[in-house]
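Trainee: Have a look at this one.
The values are calculated or read from the model by the stated rules, or taken from the named source; none is laboratory data. What you see is a predicted model; the values in this text were computed from it and never measured. Neighbour counts run over all protein chains shown; Cβ positions are idealised from the backbone, glycine included.
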Amino acid sequence: MSFKEKVIYQIYPKSFMDTNRDGMGDLQGITQKIPYLEKLGIDMIWLSPIYKSPQKDNGYDVADYTAINPMFGTMADFDRLIETAKAHGIEIMLDMVFNHVSIEHEWFQKALAGEKKYQDYFILRDEPTDWISKFGGNAWAPFGDSGKYYLHLYDVTQADLDWRNPEVREELFDVLHFWMDKGIKGFRFDVINVIGKDEVLKDCPQDDGKPAYTDRPINHEYIQLMNRATFGKDPEIVTVGEMSSTTIENCVLYTNREREELTMTFNFHHLKVDYEDGRKWTQAPFDFEKLKELFHTWGTQMSEEQGWNALFWNNHDQPRAINRFIKGKEHRVVGAKMLASMIHLNRGTPYVYMGEEIGMIDPDFDSMEQYIDIESLNAYQELLDAGIKPQEAFEIVKSKSRDNSRIPVQWTAEQYGGFSEVEPWISVGKSVPEINVEKELKEGSIFSYYQKLIQLRKEYPVIAKGSYEAFVPDNQQIYGYIRRFENHRLLVLNNFFSKETTIEVPKEFLAGKILISNYDDPKIEEQIILKPYQSLAIYC
Ligand code: TEU
Ligand code: CA
């Protein structure tokens with residue numbers, strides 16, 4: 001099966017399923033749920049980091065790339081997971097955090113102990129630049145008592161690796177070979193577009209790392225080296241790069257097959273349309289015009305220049321999309337389905353984030369004490385330091401915190417959502433009684449809607465292989481697009497608002513059939529009324 005037909009499911013292991021009563025998700029819990037994921041119909045599971053880590057950034061601070069964190073289980077548990085998944089037709093994608101390591105990694109510890117070889121693994125300077133960390137504050141910290149400073153674009157416990165050093169690249173390529181030898185068929189590369197730092201680092205305006213370290217041209221060389229030395233040798237392996245603050249031009253270069261870099265890329269511009277002036281820690285209604293323009297621009301250019309997008313609304317760093325884009329509890333179900341159709345019928349590879357298939361929503365925490373995410377806690381303090389009142393600062397964090405998507409999956413209506421028999425590491429969501437897998441499978445319709453979308457991608461080549469063209473780009477309510485492949489075509493209409501609207505159906509679709517809709521199928525006529533959050537796909 002081509003990567004264009006696959007649907008990938010993301011699991012944040014710490015919050016998926018706990019089987020040994022420690023309040024934290026584990027590998028055995030994932031193995032136990034493989035039949036559920038097979039029922040959904042997904043093809044690959046992306047696991048957020050499961051490696052040895054002090055968990056300052058929930059595993060994105062890696063202390064050993066080839067050791068399983070005991071909190072998740074053992075390497076034998078992981079081997080059993082790979083085997084069980086494979087037996088159910090599901091492959092595994094691992095998360096490679098290659099821009100930085102935990103300061104508890106032996107490489108950093110040996111560097112601190114004075115070993116020159118390992119000091120050259122990191123970015124040390126006598127004179128730090130004026131760069132700021134993505135998690136707030138200075139991006140440099142004292143390197144022991146050497147008088148030097150080490151670079152950390154993220155948390156102070158996450159030391160950036162120096163990719164200019166061929167020994168660093170070799171170490172990381174060996175890590176990929178280790179996991180490839182175990183049958184891993186997918187790799188997600190964390191913030192892979194910031195690994196390329198220049199030899200001479202300068203003060204510069206901090207526009208999310210541009211021009212200092214984001215999308216530096218050298219990145220493409222490093223990724224090509226990695227491709228040719230490791231995963232490029234196995235045509236079955238799927239790779240996805242997480243691209244922080246990137247551009248379409250770069251994403252075409254990262255994913256055009258002839259360049260031997262990556263299969264696809266994540267970009268996040270569509271998840272910043274509810275940021276005021278581009279600032280995350282603010283509250284603003286989402287800007288539909290901007291959202292529509294982004295999807296049309298990216299969809300068209302990636303289609304024309306043979307790039308390939310990862311398509312997603314949710315992940316472990318984002319609040320739930322239903323909370324951001326769907327108004328009113330009464331619209332949760334139709335809204336969840338509209339958002340799903342809009343992604344799954346589009347040009348790219350769709351990702352389903354755990355719980356999205358049952359319409360999970362943000363937890364509605366009552367106080368800051370419930371938040372754990374380092375980025376959120378730093379942001380709260382920075383808001384207070386900026387003179388924002390505690391209640392307003394809390395509301396802002398509540399709307400944007402990464403913890404919104406890190407609460408336990410809601411399997412049943414039991415006290416901890418059936419995730420664990422003991423109190424979980426993070427509070428469960430208030431919606432456990434109404435929104436859980438058991439209830440959804442018995443009487444819901446979101447799960448079966450996702451099943452159908454995932455199946456349609458395999459049945460109708462126009463979805464996986466079709467071109468992309470904008471439809472009614474100036475419409476104030478509808479995000480519409482047309483897909484074309486050989487003599488077939490698909491018109492997809494998505495009403496992004498809670499009021500109905502009318503749309504003219506082009507003549508070429510009047511004789512078509514409705515492939516999927518989140519309301520009872522309307523008759524296909526020249527004029528169709530789209531109900532609140534209605535999605536409609538007409539196929540010819
Ligand atoms: O995320 C990179 C990153 O920039 C996001 O955390 C960003 O802050 C978020 O998407 C909101 O804009 C990756 C991982 O996904 C994240 O979990 C890690 O914390 C981070 O890198 C450092 O490894
Ligand atoms: Ca556990």
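Trainee: Can you find, within the range 1-40, the residue that is nearest to Ala85 (Cα to Cα) among those that are of a type in the set (Val, Ile, Thr) and within 12 Å of ligand 2 (Cβ to nearest atom)?
Mentor: As a first pass, look at the range 1-40 and keep what is of a type in the set (Val, Ile, Thr): 7-8, 11, 19, 30-31, 34.
If we keep only those that are within 12 Å of ligand 2 (Cβ to nearest atom) as well, we get 19, 30.
Numbers: Thr19: 18, Ile30: 9 Å.
Step by step, filter the range 1-40, then rank; the result is Ile30.
Trainee: Right, another one. Within the group Val462, Val422, Val428, Val437, which residue is modelled with pLDDT of 95 or more, more than 16 Å from ligand 1 (Cβ to nearest atom), in the same structural domain as Asp317 (by TED's automatic domain parsing) and over 23 Å from Ile326 (Cβ atoms)?
Mentor: Details: Val462 fails: in the same structural domain as Asp317 (by TED's automatic domain parsing); Val428 fails: over 23 Å from Ile326 (Cβ atoms); Val437 fails: over 23 Å from Ile326 (Cβ atoms).
After applying the criteria, what remains is Val422.
Trainee: Continuing with this model, one more query. Among residues belonging to the range 224-245 that are at pLDDT below 95 and among the hydroxyl-bearing types (Ser, Thr, Tyr), point out the one that is farthest from ligand 2 (Cβ to nearest atom).
Mentor: So, considering only residues that are at pLDDT below 95 and among the hydroxyl-bearing types (Ser, Thr, Tyr), the one farthest from ligand 2 (Cβ to nearest atom) is Ser245.
Trainee: Tell me which residues, restricted to the range 101-116, are under 34 Å from the mean Cα position of the chain (by Cα) and in a helix (DSSP H, G or I).
Mentor: Once the filter is applied, which keeps residues that are under 34 Å from the mean Cα position of the chain (by Cα) and in a helix (DSSP H, G or I), the range 101-116 yields Glu106, Trp107, Phe108, Gln109, Lys110, Ala111, Leu112.
Trainee: What strands (runs of 3 or more DSSP E) lie completely within the range 450-540 and have 3 or more residues being of a type in the set (Phe, Trp, Tyr) and touching a residue at least 12 places away in the same chain (Cβ under 8 Å)?
Mentor: Numbers: elements: 469-471, 478-485, 488-495, 501-504, 513-517, 527-530, 535-539.
Result: 478-485.
Trainee: Scanning for something surrounded by fewer than 20 Cβ atoms within 10 Å (Cβ to Cβ) and under 25 Å from Lys272 (Cα atoms), does the range 231-247 turn up at least one residue? Before the answer, list the steps.
Mentor: At the first step, the residues of the range 231-247 found to be surrounded by fewer than 20 Cβ atoms within 10 Å (Cβ to Cβ) are 232-236, 245, 247.
Now drop any that are not under 25 Å from Lys272 (Cα atoms), which leaves 245, 247.
Yes: the range 231-247 contains one or more residues that are surrounded by fewer than 20 Cβ atoms within 10 Å (Cβ to Cβ) and under 25 Å from Lys272 (Cα atoms).
Trainee: Being more than 16 Å from ligand 1 (Cβ to nearest atom) and buried (at least 22 other Cβ atoms within 10 Å of the Cβ) is the filter here, so list the residues in the range 10-24 that pass it.
Mentor: Here is the first cut: in the range 10-24, the residues more than 16 Å from ligand 1 (Cβ to nearest atom) are 17-24.
Of everything in the range 10-24, those that are more than 16 Å from ligand 1 (Cβ to nearest atom) and buried (at least 22 other Cβ atoms within 10 Å of the Cβ) turn out to be Met17, Asp18, Met24.
Trainee: Determine which member of the set Gly147, Gly89 is surrounded by fewer than 18 Cβ atoms within 10 Å (Cβ to Cβ), over 30 Å from Lys280 (Cα atoms) and outside the structural domain of Ile45 (by TED's automatic domain parsing).
Mentor: Gly147
Trainee: Additional query: Quick check on the range 31-38. Is at least one of its residues assigned by TED's automatic domain parsing to the domain that holds Phe173, surrounded by fewer than 22 Cβ atoms within 10 Å (Cβ to Cβ), in contact with an Asp or Glu (Cβ under 7 Å, 6 or more places away or on another chain) and not small (Gly, Ala, Ser)?
Mentor: No, the conditions are met nowhere in the range 31-38.
A quick yes/no check of all residues on (1) part of a loop (DSSP other than H, G, I, E, B); (2) surrounded by 18 or more Cβ atoms within 10 Å (Cβ to Cβ); (3) at pLDDT 95 or above:
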| residue | (1), (2), (3) |
| --- | --- |
| Asp155 | yes, yes, yes |
| Ala212 | yes, yes, no |
| Arg216 | yes, yes, no |
| Tyr222 | no, yes, yes |
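Trainee: Since Arg324 meets every condition but one in (1) within 14 Å of ligand 1 (Cβ to nearest atom); (2) outside any helix (DSSP H, G or I); (3) over 29 Å from Gly232 (Cα atoms), which condition does it not meet?
Mentor: (2)
Trainee: List the residue pairs whose Cβ atoms are under 9 Å apart, where the first residue sits in the range 16-38 and is among the aromatic types (Phe, Trp, Tyr), the second is within 8 Å of ligand 2 (Cβ to nearest atom), and the two are 6 or more positions apart or on different chains.
Mentor: Once the first residue is among the aromatic types (Phe, Trp, Tyr) and sits in the range 16-38, its partners that are within 8 Å of ligand 2 (Cβ to nearest atom) give Phe16/Gly25; Phe16/Asp26; Phe16/Gly29.
Trainee: Any residue at all in the range 391-406 that is in a loop (DSSP other than H, G, I, E, B), within 16 Å of ligand 2 (Cβ to nearest atom) and at pLDDT 95 or above?
Mentor: Yes, the conditions are met somewhere in the range 391-406.
Trainee: Quick one: in the range 122-152, of everything that is in contact with a strand residue (DSSP E or B) (Cβ under 6 Å, 6 or more places away or on another chain) and assigned to a loop (DSSP other than H, G, I, E, B), which residue is farthest from ligand 1 (Cβ to nearest atom)?
Mentor: Here the answer is Lys148.
Trainee: Given the criteria aliphatic (A, V, I, L, M), in the same structural domain as Gly232 (by TED's automatic domain parsing), closer than 28 Å to Phe135 by Cα and within 22 Å of the chain's Cα centre (by Cα), does Ile192 qualify?
Mentor: Criteria met by Ile192.
Trainee: One residue is enough: does the range 166-173 have a residue meeting the conditions of a type in the set (Lys, Arg) and assigned to a helix (DSSP H, G or I)?
Mentor: yes
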